[in-house]
């Protein structure tokens, strides 16, 4: 039961963070009245993001980090050989999805469980003082927290590249498809450097119809249909044309399909993009205010 609950938590975490992040990737405009806007997820501090995610998922009380720090070496000495250094599993199972761990709050169930052990399952009883066992329990809860609560993640500074080298990369690799106007003011168009970096590497299709994958399909009688692809397989292709009409065409012998992906060049770039190039380009684009 608890294992299914945790998996549901993880899925819900990705969903809520995707929705919240989606709302933040829109370019900013000078006319926005930020003083009247509700504080958004991306603009929160890491502590506020963690708390917002915790409340959304119903994760329960926050683990006691001081107790978890005391419990870490105790766990390494007594438990890690079976369950791994971070309780992710080794010879024994992962404890991140353990019913006993997930059903506990601050050691009220785990402490007596650890004292008793499960000899029949190969788990010995631990003769440690209750206070130390409680610290181990808090360590385990912190491991669950770090897996389930993505709001605790903090993006470090990514503006560490060489802007001059970044400009050289853009000139050499990007200007065949883009114009100077494409990059004008791009440095002030996103709320954070990480959003800027994510967008230039892989622009969001959902809010820009110009980036949609399209196809032109020609059937044996010479009729052609062009539109945005909504379904594609070896057997059929579905398109929505400019009037909004949907077409489903079987990919039979004689049917010709020409696909156009505006982000094809980005797909090729990603295959060769080095970390240094990525940081350099981001540093350069961030200067284009």
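When the P(r) is computed for region 213-261, the part past 12 Å accounts for 56% of the Cα-Cα pairs.
Across region 213-261, Cα pairs under 8 Å and at least six residues apart give a relative contact order of 40 percent.
A simple packing score, the average count of other Cβ atoms within 10 Å per residue, orders the peptides 221-228, 111-118 as 111-118, 221-228, with the highest score first.
Using only alpha carbons, build the gyration tensor for region 63-114 and give me the equivalent ellipsoid semi-axes, biggest first, whole Å.
On the way: eigenvalues 57, 42, 18 Å².
For region 63-114, the semi-axes come out at 17, 14, 10 Å.
Each part reduced to its alpha carbon centroid, region 130-202 and region 236-257 end up 38 Å apart.
Neighbouring Cβ atoms within 10 Å as the yardstick, rank 99, 64 fewest first. Please list the in-between numbers first.
Numbers: 99 12, 64 19.
With the sparsest Cβ surroundings first, the list reads 99, 64.
As a proxy for reagent exposure, ranking 91, 271, 44 by other Cβ atoms within 10 Å from fewest up yields 271, 91, 44.
Among 233-242, 176-185, how do they line up from the highest to the lowest mean number of other beta-carbon atoms within 10 Å?
Sorting 233-242, 176-185 by mean packing, highest first, produces 233-242, 176-185.
Readers should treat all values here as calculations from the given coordinates under stated rules, not as data from a laboratory. Please read these numbers as outputs of a predicted model, since none were measured by experiment. Positions of Cβ are generated from backbone atoms using ideal geometry, with glycine treated the same way; all protein chains shown enter the neighbour counts.
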